[in-house]
Amino acid sequence: MSRPADLDAALLTDAGADGRAALEDFDTGLLDEPEAVAFPGDFADELDVARAVVSGLGIAAPTGLGVEEYWQATLEGRCAVGVPTRFDTSGYPATLAAEIPDFVARDRVPGRLLRQTDRATQLGLVATGEALADAGLDLDRLAEYDVGVITAASAGGIEFGQRELGHLWSKGKQFVSAYQSFAWFFAATAGQISIRHRTRGPSGVLVTEQSGGIDALGQARRVVRKGTPVVISGSVDGGLCPWGWMGQMATGRLSVAADPAGAFRPFAADADGYVPGEGGAIVIVEDAESAKTRGLGRGYGEIAGYAATFDPSPKSVERALLAGRPVPRPGLRRAADLALCDAGVRPDQVDVVFADAAGVPELDRIEAEVLRELFGPYGVPVTAPKTMTGRLIGGGASLDVATALLALRDGVIPPTVNVAEPAAEYELDLVTEVRARPLRTALVLARGYGGFNSALVLRS
């Protein structure tokens, strides 16, 4: 296949001019005509860049602490949505959430770290330990600069900050923990992981709300391609406290249903919003040759394609309307197109889509339209296991990726619960019961509040 001279650089950086697109608009008319996307061959082979595979998973979710506990609950369709126990939501319009019920930090986290860390960071440390053990990695055998840490977060240690600010207001500044200076920070989890495991490779944090888990993995793949053998990535997030609750309430997207079975029903005709949760997944991203040398083969699968885009700004929509031009479209379709193009995968080669599944009617309509245009009516199985865990802000997309990898491993699509069938006009093949079938390629979609769109292609 012929290739423009500047394509190598575009592929190696995974970024377009705006820093958020996986490929440059080289010969497809992609920027203006998303329907015209070409799906070329495998760029990793053609450019001889490192492949990034997933060699280990660690999960902390409302439906299970640990990979297999979570996966069993997911296949059984167990829903963790209920009334929160750690603070009283009765005075708020939205009253339901999905908590991790059996997590006792002192049983799983070193005592010296308990005073320094937020609950989300503690969950992240536990998930990291599981992921490293699952990958069979002994970090003492690796050079300290050979392991990076790239995670995502929504806002940092919100519960820790809520508690310490409460001490400030009610007792005085002398009662505020010195650890407040960093425990609240959105990079706290990445930093604590790096310190605990003595890693000094490339590190960073992506703050793109629900898209963050995918964006972190896309960045991890970039770092692996640049020569770092192992990256600890993904995200575990939280914030089920009054401060965090009000932040999510302000979006206007939380469900106000009182019945857990009816509170988060994406693609349903009567969907009224989402339920927040806590948790996520830590994912070990490793150079494929490194994993092969250790006898892991392709591990759980390969991160074959990634892309991220922004929605058009309200002002650009307004200007288009005033000028009589077509209104710019939301960026989710372009993210999906670019990720598939990056992977060299045609839409008819995708076996399952793990949807963003916002549960907000307008956002559901946009996503359904993207899937219908890309795959045709009822053209691909679509699922949203997050209906069991709630949307986990920064941790949600990485948990979707972990779930997709487990689905590829076992050849089974987990269900979307509490939705008997999607609205007829969406024309979606929504998986509402466990469906066994051969799976090789999965597309995972995510959107973050503020206009973020991300897509990841996984291949077994």
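Taking region 251-267, which residues are without any contact (Cβ under 8 Å) to a residue 60 or more places away in the chain and over 17 Å from Arg447 (Cα atoms)?
Listed by number, the list holds a single entry, Asp259.
Looking at Ile393, Ile366, which one is surrounded by 24 or more Cβ atoms within 10 Å (Cβ to Cβ) and within 30 Å of Tyr70 (Cβ to Cβ)?
Answer to the selection: Ile393.
What is the residue count in region 47-85 for residues that are farther than 28 Å from Arg221 by Cβ and part of a strand (DSSP E or B)?
Residues that pass the stated criteria total 2.
Is it the case that Gly212 is modelled with pLDDT of 95 or more, outside any loop (DSSP other than H, G, I, E, B) and buried (at least 22 other Cβ atoms within 10 Å of the Cβ)?
Taking the combined requirement at face value, the residue satisfies it.
Conditions (1) β-branched (Val, Ile, Thr); (2) more than 20 Å from Ala220 (Cα to Cα); (3) touching a helix residue (DSSP H, G or I) at 6+ places or on another chain (Cβ under 8 Å); (4) in the same structural domain as Asp215 (by TED's automatic domain parsing), marked per residue:
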site	(1), (2), (3), (4)
Asp287	no, no, yes, yes
Arg298	no, no, yes, no
Thr309	yes, no, yes, no
Pro314	no, yes, no, no
Ala320	no, yes, no, no
Val327	yes, yes, yes, no
Pro330	no, yes, yes, no
Arg333	no, yes, yes, no
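Going by the conditions given, is Ala190 in contact (Cβ under 8 Å) with a residue 24 or more places away in the chain, part of a helix (DSSP H, G or I), assigned by TED's automatic domain parsing to the domain that holds Gly280 and under 30 Å from Arg447 (Cα atoms)?
Yes: the conditions hold for Ala190.
Looking only at region 264-278, count every residue that is of a type in the set (Gly, Ala, Ser) and more than 21 Å from the chain's Cα centre (by Cα) and tell me the total.
Going through region 264-278 one residue at a time, the tally reaches 3.
Taking the residues in region 209-257 that are small (Gly, Ala, Ser) and touching a Leu at 6+ places or on another chain (Cβ under 6 Å) as candidates, determine which candidate is nearest to Ile393 (Cα to Cα).
Gly212
Could you grab me the full set of residues in region 55-77 that are farther than 29 Å from Leu139 by Cα and without any contact (Cβ under 8 Å) to a residue 24 or more places away in the chain?
Gln72, Glu76, listed by residue number.
Take Glu69 and decide whether it is crowded, with 18+ Cβ neighbours inside 10 Å and of a type in the set (D, E, K, R).
The answer is no for Glu69.
Could you look through region 131-157, keep only residues that are part of a loop (DSSP other than H, G, I, E, B) and within 20 Å of the chain's Cα centre (by Cα), and pick out the one that is modelled with the highest pLDDT?
Across region 131-157, the extreme among qualifying residues is Ala153.
Let's see how each residue does on (1) among the aliphatic types (A, V, I, L, M); (2) at pLDDT 95 or above; (3) not assigned by TED's automatic domain parsing to the domain that holds Thr432:
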| position | (1), (2), (3) |
| --- | --- |
| Val81 | yes, yes, yes |
| Arg86 | no, no, yes |
| Gly91 | no, no, yes |
| Ala98 | yes, yes, yes |
| Phe103 | no, no, yes |
| Arg106 | no, no, yes |
| Val109 | yes, no, yes |
| Leu114 | yes, no, yes |
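Yes/no per residue for (1) farther than 30 Å from Gly227 by Cα; (2) surrounded by fewer than 23 Cβ atoms within 10 Å (Cβ to Cβ):
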| site | (1), (2) |
| --- | --- |
| Ser90 | yes, yes |
| Leu96 | yes, no |
| Leu113 | yes, yes |
| Leu123 | no, no |
| Ala127 | no, no |
| Ala131 | no, no |
| Asp134 | no, yes |
| Asp138 | no, yes |
| Arg141 | no, yes |
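Within the set of pairs 6 or more residues apart or between chains, which connect a residue that is in contact (Cβ under 8 Å) with a residue 40 or more places away in the chain inside region 114-134 to a residue that is assigned to a helix (DSSP H, G or I) and among the β-branched types (Val, Ile, Thr) with Cβ atoms less than 7 Å apart?
Ala120/Thr189; Thr121/Thr189; Gly124/Thr189; Gly124/Ile193; Leu125/Ile193; Thr128/Ile193; Glu130/Val67; Asp134/Val67
Out of the residues in region 159-180 that are under 15 Å from Leu114 (Cα atoms) and not acidic (Asp, Glu), which is surrounded by the fewest Cβ atoms within 10 Å (Cβ to Cβ)?
In this case the residue turns out to be Ala178.
Do we find a residue being more than 17 Å from the chain's Cα centre (by Cα), of a type outside the set (Ser, Thr, Tyr) and more than 14 Å from Phe267 (Cβ to Cβ) anywhere in region 353-369?
no
Cβ-Cβ under 9 Å, sequence separation 6+ or interchain: first residue in region 268-280 and within 16 Å of Leu428 (Cβ to Cβ) and in contact (Cβ under 8 Å) with a residue 60 or more places away in the chain, partner part of a loop (DSSP other than H, G, I, E, B) and among the small types (Gly, Ala, Ser). Which pairs?
Ala268/Gly359; Ala268/Ala420; Ala268/Ala423; Ala269/Ala423; Ala271/Ser255; Ala271/Ala358; Ala271/Gly359; Ala271/Ala423
The values are calculated or read from the model by the stated rules, or taken from the named source; none is laboratory data. Given the structure is predicted, the values throughout are model-derived calculations rather than measurements. Reconstructed Cβ throughout: ideal geometry from the backbone, glycine too, with neighbour counts over all protein chains shown.
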